[in-house]
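A short write-up of the structure that comes next.
The values are calculated or read from the model by the stated rules, or taken from the named source; none is laboratory data. These numbers come from a predicted model, not from an experiment. We place every Cβ from the backbone using ideal geometry, glycine too, and count neighbours over all the protein chains shown.
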Amino acid sequence: MTSLEAEIGAIIAREGPISIARYMELCLGHPAHGYYTTRDPFGARGDFVTAPEISQMFGELIGLWAATVWQKMDAPGAVHLVELGPGRGTLMADALRAATIVPAFRAALHVHLVETSPLLRQRQRDTLASFDVPLAWYRDLADVPQGTALFMANEFFDALPVHQAVKAPDGWHERMVAWDGDRLAFAVHPAPLSDLAPALPHELQAAPSGALFEWRSDAVAREMSRRVVRAGGAALIIDYGHAESALGETLQAVSGHGFADPLERPGELDVTAHVDFGALARVALSEGARVHGPVPQGWFLHRLGIAERAAKLKSGATAAQAEAIDAALARLTQGGRTGMGELFKVMAFAHPALGDLPGFDR
């Protein structure tokens, strides 16, 4: 039994079963035992590898995307470049390096990083120490200064706490985490939810008994949407998930690059769920933003020129380096069991005046 499992057991004994969202919050963000607060999970030695860690090409293209959107914004003299969940800082470092080809954009940047983990904040400081740009860290998006901004969120939304509900003859009941003798187990709240059914997308209103639905708080997506509409700018979201809202469970845990039971070893596993891009789009549209996508990650990266960038890198590479570049290109853009090109989607929210954005124009 992990230290966090014992603490969760005590909470349940004292208060009763807890929501899956609260369970995720504890697993990932507990100040003493949380997954992200106690370790660096990225890379081959960690539990998973994100796109920026696979190849510099990913972050470089995102940096050039931001520079192009900034130009479409009439090149303001000051702009916030905000990253949510920056990991080790690899994406931001590659983006800033690529941005040097647009000197005025680089000079306009004020970089803001939204990160709750003290350990990862230090990794980010180390990674970004050589870049001559203003840097600031925040625990919450609401703390980031107002103003014209470009937002980046790569594999951020999947780690936000998710609620689950199960359809019964008398309505939707929230799925909970309970204590079953000597272990954590799923349970269902006995009272039906009074406000879920009216909020469901129309196509899911007639869900059959036994169906399961997942949803998250819309606070972060709403805040980004309001900011880009109020002050100008755009938000780029890259994550794994489904393009339209759908029924079904996607809660999962990852350890050592493999899947695990999300109720086992709390605090030692990465617990996530797929992103509902349909729900994100509805929030952004309700705030007056224009929604671009979602499109598959592979499609988006090819539109930005990743094949051409790979060819340029290979022109000065050794045979072994060229083979690694080809492998990274395939992993980032292709589908299948090991590829990220189809499962991962890309969406942007933007001020309506910006028109079409790079990577989304068909």
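Return the residues of the stretch 1-32 that are in contact with an Asp or Glu (Cβ under 7 Å, 6 or more places away or on another chain) and modelled with pLDDT under 95; say none if nothing qualifies. Thr2, the sole residue that qualifies. Of everything listed in (1) under 18 Å from Pro161 (Cβ atoms); (2) modelled with pLDDT of 95 or more; (3) not charged (D, E, K, R), the single unmet condition for Ser245 is (2).
In the stretch 315-362, the residue that is modelled with the lowest pLDDT out of those that are among the hydroxyl-bearing types (Ser, Thr, Tyr) and assigned to a loop (DSSP other than H, G, I, E, B) is Thr338. When we screen Val79, Val102 for residues that are more than 23 Å from Gln297 (Cβ to Cβ), in contact (Cβ under 8 Å) with a residue 40 or more places away in the chain, in contact with a helix residue (DSSP H, G or I) (Cβ under 9 Å, 6 or more places away or on another chain) and not hydroxyl-bearing (Ser, Thr, Tyr), the only hit is Val79. Scanning the stretch 329-359 for residues that are among the hydrophobic types (A, V, I, L, M, F, W, C), more than 19 Å from Ala149 (Cβ to Cβ) and surrounded by fewer than 19 Cβ atoms within 10 Å (Cβ to Cβ) yields Ala330, Leu343.
Note on the stretch 157-270: enclosed strands (runs of 3 or more DSSP E) holding 2 or more residues that are without any contact (Cβ under 8 Å) to a residue 40 or more places away in the chain and not hydroxyl-bearing (Ser, Thr, Tyr) are 171-180, 252-255, 258-260.
Has the stretch 70-92 got at least one residue that is of a type in the set (Asp, Glu), crowded, with 17+ Cβ neighbours inside 10 Å and in contact with a Leu (Cβ under 6 Å, 6 or more places away or on another chain)? Within the stretch 70-92, one or more residues are of a type in the set (Asp, Glu), crowded, with 17+ Cβ neighbours inside 10 Å and in contact with a Leu (Cβ under 6 Å, 6 or more places away or on another chain). Every test in (1) without any contact (Cβ under 8 Å) to a residue 60 or more places away in the chain; (2) of a type outside the set (Lys, Arg); (3) closer than 24 Å to Ala51 by Cβ; (4) surrounded by 16 or more Cβ atoms within 10 Å (Cβ to Cβ) is passed by Asp126 save one, and that test is (4). Residues in the stretch 276-314 that are more than 17 Å from Val346 (Cα to Cα) and assigned to a helix (DSSP H, G or I): Ser286, Ala307, Glu308, Arg309, Ala310, Ala311, Lys312, Leu313, Lys314. Checking each residue of the stretch 299-319 against the condition of being touching a residue at least 12 places away in the same chain (Cβ under 8 Å), under 14 Å from Leu61 (Cβ atoms), touching a strand residue (DSSP E or B) at 6+ places or on another chain (Cβ under 7 Å) and surrounded by 17 or more Cβ atoms within 10 Å (Cβ to Cβ) gives at least one match.
Would you please name the residue that is surrounded by the most Cβ atoms within 10 Å (Cβ to Cβ), looking only at residues in the stretch 93-113 that are among the β-branched types (Val, Ile, Thr) and closer than 12 Å to Ala67 by Cβ? Only one residue fits best here, namely Val102.
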